[in-house]
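Undergrad: To start, I am sharing the structure in question, which I have written as C-alpha cells.
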C-alpha cells in the first residue's frame with residue numbers, strides 16, 4: 001500500500017524529498033541523531049557539573065572513569081546486541097537475562113571441571129567459553145524452533161524459557177554461586193591490554209600488568225580491559241553481519257513484512273531460529289565474561305539486566321514494530337545508561353534518578369521514532385508493511 | 001615487561017593534568033558508603049555513618065543499590081573508585097567471593113576498604129585468604145544463629161520441625177546465621193528437625209509463598225527462623241495468613257517495626273536486633289583513626305545483639321535497638 005501523499009507527488013512528477021520543507025528536513029536529521037546529541041549533552045553536563053559540585057576534587061572524563069564506563073556497559077550491551085537483531089525482525093527475546101545467568105553457571109562449572117581435571121588455565125577458560133555460549137545457544141535454538149515452527153508468539157515462548165532456564169541455573173549451581181575457580185582466572189576477566197601509570201616513575205605498559213605497589217599502584221589506570229576488547233570485537237561482527245551480509249538484509253526484510261519476505265523466497269523459519277540462537281549467544285558471552293570478572297558463576301547475575309538491555313535497544317532507535325534499527329544505536333543506548341549511573345554517583349546524587357531518566361528517554365525515543373514517520377509522511381512504514 | 005618510553009612523553013601532558021585532579025585534600029578524608037540494598041537495616045546503618053561523619057567533620061558519599069547483587073553493586077562501586085577523591089569505602093559486600101575482585105580494585109587504587117555487616121572470604125582478615133580490608137565490623141552471625149535456635153527450641157518445647165527462610169546464598173551474614181542455627185539444633189536438640197533454608201532473594205512476597213508452602217507440606221511445623229528483615233516479614237505474614245499465629249512460632253532476625261508489631265500480636269516469639277547504627281558509626285571512626293595513624297585497630301569487631309521479647313520491648317534501654325528511621 002502506497003501512502004496517498006506520495007502518490008500525488010509522483011503524479012506531479014517531483015521526487016518526494018524535494019517537497020520537504022527545510023523544517024521537515026531538520027526535523028528528520030534531528031530524529032536520526034538525537035541519541036548521539038543526548039549522549040553528548042549528558043557527557044557535557046557531567047563534565048561541567050561534577051567538578052562544580054565537588055569543588056574540583058572529582059572529574060568526569062578521567063582515564064579511569066572512561067574505562068569504568070566501558071566495563072559497565074558490557075553486560076547490558078551484549079544482552080542488547082542479539083536483541084537488536086531479534087527486534088529488527090519484529091520479535092522479542094525476554095529470556096536473555098536468565099540465559100546470561102545460565103551461561104555464567106555453565107561456564108564456571110565446565111571451567112572448574114576442566115581445570116580440576118588437570119587442564120592448563122587457558123584451555124580451561126576456552127572450555128568454559130564453549131560450555132557457556134553453547135548452553136545459551138541451545139536455549140536460543142529451542143526458542144527459535146517453538147516460535148517459527150509451532151507459531152507461538154515470541155513474547156510467550158521466551159517468557160516461558162526464561163523461567164525454565166532460571167530453574168535449571170539454580171539447580172545446576174546448587175547454591176547459586178559456583179565458587180572454587182582457579183585464582184589465575186581473575187586476570188582474564190579484569191586485566192587490561194594497556195596500563196598507564198600517571199606521574200613520576202610511571203609510563204605505559206602493554207600486555208603485562210606492571211608489578212608495581214604502593215603509590216605507583218594507586219596511580220595506575222588499566223586501559224582497554226580484555227572483556228572490553230572481546231565485546232568490541234562482538235560489536236564489530238554484529239555491525240558487519242547486520243549491514244553487509246545477506247543475513248542482515250533478510251533480518252530487515254522479515255521485520256518489514258514476514259509475508260513479503262516469505263514470498264521473495266527468504267527461508268523465514270530457519271532465519272528466525274538463527275536470530276534467537278544469535279540473541280542467546282551474545283547473552284551467553286555476557287554470562288561467560290561475568291564468570292571471569294567475578295571469578296565465580298552466578299545463577300542470579302543477569303536477573304536485573306533484562307529490562308535495561310531492552311531499554312538500550314529502544315533508546316538506540318530499534319523499532320519495536322520491526323524493520324528498522326542499527327547496532328551502533330544499541331551501543332549508544334547502553335552508553336547512555338552507563339554514563340547516567342556513573343555520572344550520578346560522581347555527582348553524589350542518588351542513582352535511583354537513573355531509572356526516571358532512562359524511563360523518560362525510552363518513551364521519548366519511541367515518540368521520536370513515530371514523529372519521524374509523520375515527517376516523512378509514513379513512507380517508511382507504508383512501504384515496509 | 002615491555003615498556004614504551006616513546007609514548008611516555010606524549011602522555012606526560014595528560015598525566016600532569018590528571019595528577020592535579022586526583023590528589024586528596026591533605027588532612028581531610030572522604031568516605032564512600034555503599035551498603036547492600038535499600039532496607040531498614042542499612043537505613044539505620046546510614047544514620048550511624050552520618051552521625052559519626054558529622055561528629056568528626058568527615059565528608060561521606062552514600063550510594064544505595066536498588067537491588068541486592070553483584071551486578072548492581074559493582075558498577076556503583078567502580079564509579080565510586082573512579083571519583084578519585086575517596087580515601088575509604090565502607091561497604092557490605094553482596095557476595096563473599098564475587099566481590100573480592102571489585103573491592104581489591106578499590107584497594108589497589110589506594111582506597112581502604114572497611115566491610116560492615118557482611119565480609120569477604122571467611123572474614124578473617126589476619127589469617128584468611130582475603131587480607132586487604134582494614135576491618136570487619138558486624139554481628140557474630142553464627143552466634144546470632146545459635147541464640148535464635150535456642151529461643152525457638154524453647155518456644156516449641158524442644159521437639160518438632162522447624163524451617164529456615166533465608167535471603168541469598170553465599171552472603172556471609174545470613175550464611176553464618178543458618179550455620180549457627182543448624183549447629184545448635186543438631187547438637188543440643190536432637191528431637192528437632194531443621195528444614196531449609198529456602199532463599200527468597202530479598203523479596204518478602206517470595207518468603208511468604210515459600211513459608212506458606214512449607215506450612216502446607218509439614219503439618220508438624222512448629223517454628224520458623226527468618227534470617228533477616230525480608231525473611232522474617234514474609235514468614236510472619238505466612239503464619240498470620242494461615243491462621244496459625246501462636247501455633248507456629250517465628251524467630252525474627254532484625255528488629256524492624258513490622259517484626260515488633262508481629263511480636264506484639266503473638267506471631268513472633270523473639271526478635272534479634274543487630275546494631276547497624278554501631279556498625280556505621282564505628283566504621284567511620286575506624287577510618288578516621290586509621291587516617292590519623294592509629295595502627296592497632298582490631299581487624300574484626302563484633303557489635304553484639306539486643307534480644308527483644310514481649311517482656312522487655314517496653315524498656316527504653318531495649319526499645320532503642322528497634323530499627324527506626326526518623327520521618328519514615
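Undergrad: Sorting check: for A:314-326, B:269-281, which peptide has the highest mean count of neighbouring beta carbons within 10 Å, and how do the rest follow?
TA: Listed from highest to lowest mean packing, they are B:269-281, A:314-326.
Undergrad: Return the average number of partner chain Cβ atoms within 10 angstrom of each residue Cβ along peptide B:66-78.
TA: Mean partner shielding for this stretch: 6.
Undergrad: Next question, about the same structure. Provide, as a two-decimal number, the C-alpha radius of gyration of chain B over 2.2 N^0.38 Å, N being how many residues it has.
TA: 1.11
Undergrad: Round to the nearest 10 and give me the degree value, 0 to 90, for the angle of helix B:172-188's Cα axis relative to the longest principal axis of chain B.
TA: 30 degrees
Undergrad: Which angle between 0 and 90 degrees, to the nearest 10, do you get for helix B:141-155 versus the longest principal axis of chain B when only C-alpha atoms count?
TA: Relative to chain B, helix B:141-155 is tipped by roughly 10 degrees.
Undergrad: For the residues A:77, A:305, what sequence is obtained by ranking on other C-beta atoms within 10 Å, fewest first?
TA: In increasing order of surrounding Cβ atoms, one gets A:305, A:77.
Undergrad: Rounded if a/c is under 1.5, else prolate if a/b beats b/c, else oblate: with a ≥ b ≥ c from the C-alpha gyration tensor eigenvalues square-rooted, which is the range A:121-172?
TA: oblate
Undergrad: Averaged across the residues of B:80-88, what count of C-beta atoms belonging to other chains lies within 10 Å of each residue's C-beta?
TA: 6
Undergrad: From the helices alone, meaning DSSP H stretches of at least four residues, give me the mean residue ellipticity at 222 nm for the protein assembly as shown, per-run term -39500 (n - 2.57), in deg cm²/dmol to the nearest 500.
TA: -19000 deg cm²/dmol
Undergrad: Next question, about the same structure. Determine, for each peptide in A:333-346, A:199-212, the mean count of other beta carbons within 10 angstrom over its residues, then list the peptides with the highest first.
TA: Sorting A:333-346, A:199-212 by mean packing, highest first, produces A:333-346, A:199-212.
Undergrad: Using a Gaussian network for chain B with springs between C-alpha atoms less than 10 Å apart, which of these wobbles most: B:165, B:241, B:200?
TA: In the Gaussian network model the winner is B:241.
Undergrad: Helix A:226-244 versus the longest principal axis of chain A: what is the Cα-based angle in degrees, 0 to 90, to the nearest 10?
TA: 20 degrees
Undergrad: Quick one: give the max-minus-min coordinate of the C-alpha atoms of the protein assembly as shown along each principal axis, largest first, in Å.
TA: Computed over the Cα atoms, the extents are 92, 66, 58 Å.
Undergrad: A further question follows. Explain nothing, just the number: relative contact order of the range B:195-306, from Cα pairs under 8 Å at least 6 residues apart, as a whole percent.
TA: 19 percent
Undergrad: Of the peptides B:212-220, A:46-54, how do they stack up when ordered by the mean number of other Cβ atoms within 10 Å, highest first?
TA: A:46-54, B:212-220
Undergrad: On to the next question. Quick check: Cα centre of the range A:265-332 to Cα centre of the range A:61-131, how many Å?
TA: Each part's Cα centre sits 11 Å from the other's.
Undergrad: Now a separate question. What residue among A:299, A:351, A:23 shows peak mean-square fluctuation when chain A is described by a Gaussian network model with Cα springs under 10 Å?
TA: Comparing A:299, A:351, A:23 in the GNM, the peak value goes to A:23.
Undergrad: Related question: Counting only other chains, what is the mean number of Cβ atoms within 10 angstrom of the Cβ of each residue in peptide A:51-61?
TA: So the per-residue partner count for this stretch is 4.
Undergrad: Classify chain A as rounded, prolate or oblate from the Cα gyration tensor: take a ≥ b ≥ c as the square roots of its eigenvalues, call it rounded if a/c is under 1.5, otherwise prolate when a/b beats b/c and oblate if not.
TA: Note, shape of chain A comes out oblate.
Undergrad: Moving on. For the protein assembly as shown, what proportion of DSSP beta bridges, expressed in % and rounded to the nearest 5, is antiparallel?
TA: Taking every DSSP beta bridge within the protein assembly as shown, about 30 percent pair in antiparallel fashion.
Undergrad: On to the next question. Taking chain A as a Gaussian network, Cα atoms linked when under 10 Å apart, which of A:332, A:69, A:194 shows the biggest mean-square fluctuation?
TA: Among A:332, A:69, A:194, the largest GNM mean-square fluctuation belongs to A:194.
Undergrad: From the square roots a ≥ b ≥ c of the eigenvalues of the alpha-carbon gyration tensor of the range B:103-153, which class results: rounded (a/c under 1.5), prolate (a/b over b/c), or oblate?
TA: It is prolate, given that a/c is not under 1.5 and a/b is the larger ratio.
Undergrad: Can you tell me the relative contact order of chain B? Whole percent, Cα pairs under 8 Å, sequence separation 6 or more.
TA: 18 percent
Undergrad: Sticking with this structure for a sec: Report the Cα centroid-to-centroid distance between the range A:240-258 and the range B:219-262 in angstrom, as an integer.
TA: After rounding, the separation between the Cα centres reads 56 Å.
Undergrad: Another question, if that's okay. Using the Kirkwood radius over C-alpha pairs as Rh, can you work out the diffusion coefficient of the range A:239-332 via Stokes-Einstein at 25 °C, viscosity 0.890 mPa s, in µm² per second?
TA: 165 µm²/s
Any read-out appearing in this document is the output of simple, stated calculations on the displayed coordinates, not a laboratory observation. Model, not experiment: these values are computed from the prediction. Ideal geometry is used to build each Cβ from the backbone, glycine not excepted, and the neighbour counts take in all protein chains shown.
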